[in-house]
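Each remark here refers to the structure printed beneath this line.
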Amino acid sequence: MNKLELQKKANQLRKHIVTSLHAAKCGHPGGSLSAADIITYLYFEEMNVDPKNPKKEDRDRFVLSKGHVAPALYSALAMKGYFPEEELLKLRKTGQMLQGHPDMKGTPGVDMSAGSLGQGISVAVGMALSAKLSNENYRVYTLLGDGEIQEGQVWEASMFAGHRKLDNLVVIVDNNNLQIDGSVADVCSPYPIADKFKAFNFHVIEIDGHDFDAIEAAFNEARATKGMPTAIIAKTIKGKGVSFMENQASWHGAAPNDEQYAVAMEDLEKEAAALCQK
Amino acid sequence: MSEVKKIATRESYGNALVELGREHDNVVVLDADLAAATKTGIFKKEFPERHIDCGIAECNMIGIAGGLSLTGKVPFASSFAMFAAGRAFEQVRNTVGYPKLNVKIGATHAGISVGEDGATHQCNEDIALMRTIPNMVIINPADDVEAKAAVKAAYEHVGPVYLRFGRLAAPVINDNPEYKFELGKGVTLREGKDITIVATGLEVSFALEAAEMLAKDGIDARVINIHTIKPIDQDIIVKAAKETKKIFTVEEHSIIGGLGSAVCDVVCDKHPAPVYKIGMRDRFGESGPAVELLHKYELDAEGIYKQVKENM
């Protein structure tokens with residue numbers, strides 16, 4: 001898929017995110033929108049996955065460690081054809097498949113349940129270790145929030161991954177700089193993030209997490225990196241694509257009302273129109 | 001009982017893992033810098049490539065075990081009960097229990113028989129914690145024979161299993177050709193019509209001894225071994241509630257939330273009957289030789305005998 005096609009997919013993904021959250025009347029738009037381009041690239045370009053055979057053994061694995069941005073993952077899975085897009089409108093409803101945080105038991109394509117921060121990365125590390133133990137070639141990707149890396153378990157997992165030289169593992173940090181209580185730098189600074197992963201024996205790549213050229217280059221570099229895991233620190237904008245949500249901590253965990261939804265969709269339609277002009 | 005063979009169930013765990021490792025390539029064993037104490041070192045010696053030392057990071061170890069289980073391995077994650085069930089509780093709940101992953105947790109050094117290391121390492125809360133997690137199976141074997149059988153049963157069961165082992169050498173009481181381990185089935189070790197003593201783990205052999213002492217006083221005590229605390233054998237408990245006057249539960253664990261509570265849950269629901277819980281009475285342990293501590297906290301045969309007599 002070329003860059004323009006990926007941008008169009010990401011635009012569509014963002015519309016699904018906003019629409020599902022509007023229908024749910026609650027959830028986490030900010031981080032879902034900041035991670036939208038990375039998740040688009042993973043599912044439409046990077047990962048070896050097959051919606052017709054979600055459990056195929058040699059598939060690449062993705063663990064959404066920052067599980068609250070489930071709407072971004074669900075939208076990608078629906079767009080890929082793992083389940084009908086109508087399911088997205090039943091997000092967070094009683095008795096429905098799409099839980100507030102990913103549930104692998106009920107949702108095709110979800111490789112691991114997640115939501116309690118700091119735990120997904122350990123599972124991803126276990127999957128990567130497993131491939132090494134049995135000489136399998138699949139790769140493992142995990143997406144973390146920059147607030148999430150305040151959890152100590154992230155560094156337990158990173159120490160282990162570096163120690164075991166898990167070069168089939170890519171840890172992506174969605175560095176949108178905001179968490180519930182404000183800027184990550186003000187709440188309890190995780191900076192410098194890159195230096196921390198370097199110290200834990202990771203190959204570290206810092207990119208603009210909304211630039212598909214940079215995203216592509218980073219994943220290619222990760223693939224070519226041998227003998228150590230890769231951490232991609234993706235600088236992103238929380239709420240990216242929806243004017244009034246961008247860089248607002250208050251949109252971490254609030255759904256748009258009808259009026260706000262209309263404005264959000266208008267923003268995204270404008271972006272879609274601009275992409276069609278290209 | 002001096003000629004009775006004694007083996008700590010942690011030792012049985014290490015030995016059983018080796019046997020399992022020989023039979024199944026997908027068995028992997030994880031530890032958190034305690035391989036010498038949890039006895040997974042025995043497995044490491046034979047299968048170094050399948051023994052994963054995670055360092056002193058139990059929460060991460062549980063997550064790694066989860067990842068291994070999702071990719072075709074059957075991981076046994078090992079540490080002291082305090083750290084496996086205590087420190088990593090939320091990882092066990094969310095990473096293992098909720099997705100129902102095929103992870104086995106081998107928790108050694110449970111209860112006050114840890115001895116000299118003292119209260120920080122004596123876990124009397126793990127059964128209570130693990131019982132609250134949906135999908136979790138809890139096995140607390142009484143001796144070497146049962147512990148080895150439990151490890152095999154845990155492997156065969158698809159889903160999370162919490163195995164509880166002790167540090168102190170326990171008398172081998174199940175060394176007979178008829179012995180058969182059935183997950184979720186209690187075992188009547190001694191028939192009796194007056195009272196029933198329901199015991200688990202290390203306390204089972206003490207309960208048998210106590211029953212002999214009670215017999216001398218004319219009290220006919222039934223002794224039931226509950227190795228699987230969850231799912232618990234309801235039938236054997238209801239039968240005891242119906243046929244004997246009082247149930248005494250005995251465990252090397254807090255009287256809050258453990259075997260005693262599990263038995264109370266059954267009798268409250270199915271056949272209300274008086275139950276007296278013998279265990280750690282809502283307090284912490286202390287340093288000292290295991291045998292002395294078991295005596296001080298009335299968890300040896302004499303302590304059980306005394307508490308039964310006082311609470312008939």
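The values are calculated or read from the model by the stated rules, or taken from the named source; none is laboratory data. Fair warning: this is a prediction, and the values are worked out from it, not measured in the lab. FYI the Cβ positions are ideal-geometry reconstructions off the backbone, even for glycines, and counts take in every protein chain you see. Heads up: the accessible areas ignore ligands, DNA and RNA and are worked out on the full protein's heavy atoms, side chains in. Shrake-Rupley method; radii C 1.70, N 1.55, O 1.52, S 1.80 Å.
A few comments on the model shown:
- With an a/c value of 1.5 or above and a/b not larger than b/c for the gyration tensor axes a ≥ b ≥ c computed over the alpha-carbon atoms, segment B:187-310 is described as oblate.
- Residue order for A:Tyr82, A:Tyr43 - accessible surface, 1.4 angstrom probe, largest first: A:Tyr82, A:Tyr43
- Here is the size of the protein assembly as shown from its Cα atoms: Rg then Dmax, 27.1, 96 Å.
- Highest GNM mean-square fluctuation among A:Glu86, A:Glu246, A:Glu266, for chain A modelled with Cα contacts below 10 Å: A:Glu86.
- Prolate/oblate/rounded call for segment A:94-225, Cα gyration tensor, a/c under 1.5 rounded: rounded
- Applying the criteria of a DSSP loop state and at most 16 other Cβ atoms within 10 Å to the chymotrypsin sites (Phe, Trp or Tyr not before Pro) of segment B:174-210 yields B:Tyr179.
- Per-residue mean of C-beta atoms belonging to partner chains within 10 Å, peptide A:99-105: 2
- Surface listing: A:His16, A:His101 arranged by accessible area from highest to lowest gives A:His101, A:His16, probe 1.4 Å.
- Remark: mean inter-chain Cβ contacts per residue of A:151-157 equal 5, using a 10 Å Cβ-Cβ cutoff to other protein chain atoms.
- Taking Cβ atoms as reference points and 12 Å as the exclusive limit, the residues near B:Glu23 contribute a net charge of -1, counting Lys and Arg as +1 and Asp and Glu as -1.
- Applying the Kirkwood pairwise sum to the alpha-carbon positions of segment B:129-271 produces a hydrodynamic radius of 15.3 angstrom.
- Straight-line reach from A:Lys56: taking Cα to Cα under 21 Å and skipping same-chain neighbours fewer than 8 places apart, the lysines in range are A:Lys80, A:Lys105, A:Lys132, B:Lys73, B:Lys100.
- Between A:Asn220 and A:Glu85, the FRET efficiency from the beta-carbon distance, with R0 = 35 Å, is close to 0.70.
- Anisotropy class of segment B:6-171 from Cα gyration tensor, a/c 1.5 cut: rounded
- Number of partner chain Cβ atoms within 10 Å, mean per residue of B:47-60: 4
- Choice from A:Glu259, A:Glu46, A:Glu57 showing the highest fluctuation, given a GNM over chain A with Cα pairs closer than 10 Å: A:Glu259
- Within-10-Å neighbourhood charge of A:Ala255 [Cβ basis; K, R +1; D, E -1]: +2
- Surface/4 of the Cα convex hull for segment A:3-277, nm²: 13.1 nm²
- Max mean-square fluctuation residue, GNM over chain B, Cα-Cα springs under 10 Å, options B:Asn124, B:Asn94, B:Asn140: B:Asn94
- A 1.4 Å probe, protein heavy atoms only, puts the accessible area of B:Thr188 near 60 Å².
- Counting only protein heavy atoms and using a 1.4 Å probe, the accessible area of A:Lys105 comes to about 110 Å².
- Rg over Rh [alpha-carbon atoms, Kirkwood Rh] for chain B: 0.96
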